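Visitor: Provided herewith is a single structure, encoded as structure tokens, for subsequent inquiry.
The values are calculated or read from the model by the stated rules, or taken from the named source; none is laboratory data. Small disclaimer: the values here were computed from a predicted structure and weren't measured. Cβ sites come from the backbone with ideal geometry, for glycine too, and all protein chains shown count toward neighbours.
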Amino acid sequence: MSDVLIFVIVAAAILVIGAVTGLVAFINGRRQPPRRDLPSSAPSGTITEERPPEAPEPGPVTTLERPEGTAGRLVRLRQRLSRSQGGLGRGLLMLLSRDRLDEDTWEEIEDTLITADVGVAPTQELVERLRTRMRVEGIDATTAPTVLREELITLVDPTMDRTLATDPTDGKPAVVLVVGVNGSGKTTSVGKIARVLVADEKSVVLGAADTFRAAATEQLSTWAERVGVDVVTGPEGSDPASVAFESVRAGVERGVDVVVIDTAGRLQNKAGLMDELGKVKRVVEKQARVSEVLLVLDATTGQNGLVQARVFRDVVDVTGIVLTKLDGSAKGGIVVAVQRELGVPVKLVGVGEGADDLAPFDPETFVDALLDQS
Ligand code: GDP
């Protein structure tokens with residue numbers, strides 16, 4: 001090969017290498033990250049945000065729900081109850097407004113009350129009071145609504161203390177045990193109670209101690225997640241008392257206001273129930289006082305509900321009743337009957353399957369709903 005040819009090849013090679021190097025440098029130059037200078041047009045004090053290239057993609061955002069406050073719940077309580085219970089109030093009002101209140105009419109009034117689950121003794125009391133007022137003041141179509149309203153409120157007993165004990169004492173959380181048979185709406189009520197507490201700006205830990213019903217733990221965890229409260233759970237079939245213990249421990253450690261514990265609702269026999277709930281209460285009380293024992297009763301079960309109430313009354317010191325499913329076919333008189341039976345107030349009522357369908361029980365709102373003629 002001639003010297004000239006070698007020279008040409010070397011020169012060409014140098015040119016090719018130079019071109020490639022230049023191209024790579026050009027490409028690299030294009031890959032430089034953009035500068036983060038604020039644009040000159042940006043007014044001073046304006047921050048233009050730029051996500052750094054290495055920033056991770058944001059994960060799925062859990063949107064916390066904002067539960068409804070008490071005022072809205074009472075409005076709904078009245079609407080739902082007047083829809084489901086209006087028959088009782090309207091029936092009584094019609095009878096009392098008759099021109100002549102003869103023995104047959106008084107009997108009809110008694111029957112109406114007994115059919116509505118009010119119970120025999122409270123029915124007789126109410127009729128006696130109405131008869132007295134009839135003799136003394138006279139009742140006619142104009143005065144009947146007022147008289148009946150007053151007497152029904154007295155029957156439901158506005159003097160009972162219906163507040164929930166949910167304030168911490170001595171730096172320890174209030175502990176609310178929720179008891180009742182399976183199917184009464186216990187777990188749902190614990191979830192709804194958590195929402196009421198969150199709406200009242202209380203900090204809450206839930207204890208899923210109904211370890212015998214497979215779905216209960218999952219159900220309660222979902223309720224907790226939706227309002228952003230912690231829940232302590234245990235494996236299915238584990239000792240409810242140990243879950244209750246751990247939940248109160250978590251509540252004490254985290255300094256929360258309230259621990260609400262869902263308990264197992266197997267009504268196998270009285271002795272078994274007593275052992276189980278007795279143990280739960282004992283272990284809880286090693287750490288904090290139990291401030292409320294709420295008994296959940298399905299209002300649609302009528303007399304059966306009263307039988308359950310008696311069993312629980314003998315096993316634990318019930319401090320309040322949660323009456324569920326008052327929106328359905330339940331008869332409102334059960335409120336009076338169960339309070340009489342246990343000597344403790346109905347504190348909360350369930351009026352639907354919706355998350356905020358639980359309201360504090362208020363005698364006047366209840367009676368107004370019964371008498372609602374709209
Ligand atoms: P538990 O076995 O006692 O824990 O019962 P759950 O909490 O699972 O409730 C049983 C059923 O009753 C569920 O379908 C609930 O949605 C329903 N439930 C609970 N409270 C109410 C209420 O106030 N009204 C109506 N209509 N249904 C309710």
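Visitor: Please enumerate the residues belonging to the range 316-347 that are touching a strand residue (DSSP E or B) at 6+ places or on another chain (Cβ under 7 Å) and acidic (Asp, Glu).
Guide: Hit for the range 316-347 is ASP317, nothing else.
Visitor: So which residues in the range 244-257 are within 20 Å of the chain's Cα centre (by Cα), part of a helix (DSSP H, G or I) and away from the ligand (no atom under 16 Å from the Cβ)?
Guide: Residues satisfying the conditions are SER247, VAL248, GLY251.
Visitor: Within the range 322-347, take every residue that is near the ligand (Cβ under 10 Å from one of its atoms) and surrounded by fewer than 24 Cβ atoms within 10 Å (Cβ to Cβ) and give me the one that is nearest to ALA165 (Cα to Cα).
Guide: Residue satisfying both the conditions and the ranking: LYS325.
Visitor: Could you give every pair whose Cβ atoms fall below 7 Å, whose first residue belongs to the range 313-325 and is on the phi > 0 side of the Ramachandran plot and touching a residue at least 12 places away in the same chain (Cβ under 8 Å), and whose second residue is within 16 Å of the ligand (Cβ to nearest atom) and part of a loop (DSSP other than H, G, I, E, B), counting only separations of at least 6 or pairs across chains?
Guide: Final answer for the pair search is LYS325/GLY185.
Okay, residues lined up against (1) under 23 Å from GLU292 (Cα atoms); (2) of a type in the set (Asp, Glu):
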residue: ARG310; (1), (2): yes, no
residue: ALA337; (1), (2): yes, no
residue: VAL346; (1), (2): yes, no
residue: VAL351; (1), (2): yes, no
residue: ASP357; (1), (2): yes, yes
residue: ASP372; (1), (2): no, yes
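Visitor: Something else now. Please work out which residue is modelled with the lowest pLDDT, limiting yourself to the range 206-230 and to residues that are β-branched (Val, Ile, Thr) and farther than 18 Å from VAL179 by Cβ.
Guide: Result: VAL227.
Visitor: Name the pairs: first residue in the range 260-286 and among the charged types (D, E, K, R), second residue in a helix (DSSP H, G or I), Cβ to Cβ under 6 Å, at least 6 apart or on different chains?
Guide: Matching pairs, first to second residue: ASP262/THR187; ASP262/VAL190; ASP262/LEU220; LYS270/VAL311; LYS279/ALA241.
Visitor: With (1) more than 14 Å from the ligand (Cβ to nearest atom); (2) closer than 22 Å to ASP157 by Cβ; (3) not charged (D, E, K, R) as the list, and VAL290 as the residue in question, which single condition is left unmet?
Guide: Single failed check for VAL290: (2).
Visitor: Just checking, how many residues over the range 211-248 are within 20 Å of ALA174 (Cα to Cα), among the polar types (S, T, N, Q) and buried (at least 17 other Cβ atoms within 10 Å of the Cβ)?
Guide: So the count comes out to 2.
Visitor: Just give me the residues in the range 144-196 being away from the ligand (no atom under 16 Å from the Cβ), among the hydroxyl-bearing types (Ser, Thr, Tyr) and surrounded by 15 or more Cβ atoms within 10 Å (Cβ to Cβ), in sequence order.
Guide: THR154, THR166
Visitor: When you go through ARG266, ARG282, ARG313 one by one, which is the residue that is more than 30 Å from VAL75 (Cβ to Cβ) and touching a strand residue (DSSP E or B) at 6+ places or on another chain (Cβ under 9 Å)?
Guide: Unique residue meeting the criteria: ARG313.
Visitor: Give the residue, chosen from GLY272, GLY278, GLY255, that is touching a Pro at 6+ places or on another chain (Cβ under 9 Å) and of a type outside the set (A, V, I, L, M, F, W, C).
Guide: Exactly one of GLY272, GLY278, GLY255 is touching a Pro at 6+ places or on another chain (Cβ under 9 Å) and of a type outside the set (A, V, I, L, M, F, W, C), namely GLY255.
Visitor: Test each condition in (1) in a helix (DSSP H, G or I); (2) in contact with a Ser or Thr (Cβ under 9 Å, 6 or more places away or on another chain) for VAL260 and report the one that comes out false.
Guide: The one condition VAL260 does not meet is (1).
Visitor: If LEU74 meets every condition in (1) free of Cβ contacts under 8 Å to residues at least 60 places away in the same chain; (2) among the aliphatic types (A, V, I, L, M); (3) in contact with a Ser or Thr (Cβ under 6 Å, 6 or more places away or on another chain); (4) under 30 Å from SER203 (Cα atoms) apart from one, which number is that one?
Guide: Only one criterion is unmet by LEU74, namely (1).
Visitor: When you scan the range 88-129, how many residues do you find that are assigned to a helix (DSSP H, G or I), β-branched (Val, Ile, Thr) and in contact with a Leu (Cβ under 8 Å, 6 or more places away or on another chain)?
Guide: Looking only at that region, the number is 5.
Visitor: Kindly provide the set of residues from the range 189-206 that are among the hydrophobic types (A, V, I, L, M, F, W, C) and in contact with a strand residue (DSSP E or B) (Cβ under 7 Å, 6 or more places away or on another chain), ordered by number.
Guide: Passing the criteria: VAL190, ILE193, ALA194, VAL196, LEU197, VAL198, VAL204, VAL205, LEU206.
Visitor: Got a number for residues in the range 201-210 being surrounded by fewer than 23 Cβ atoms within 10 Å (Cβ to Cβ) and either near the ligand (Cβ under 8 Å from one of its atoms) or in contact (Cβ under 8 Å) with a residue 40 or more places away in the chain (or both)?
Guide: Residues flagged as surrounded by fewer than 23 Cβ atoms within 10 Å (Cβ to Cβ) and either near the ligand (Cβ under 8 Å from one of its atoms) or in contact (Cβ under 8 Å) with a residue 40 or more places away in the chain (or both) within the range 201-210 amount to 2.
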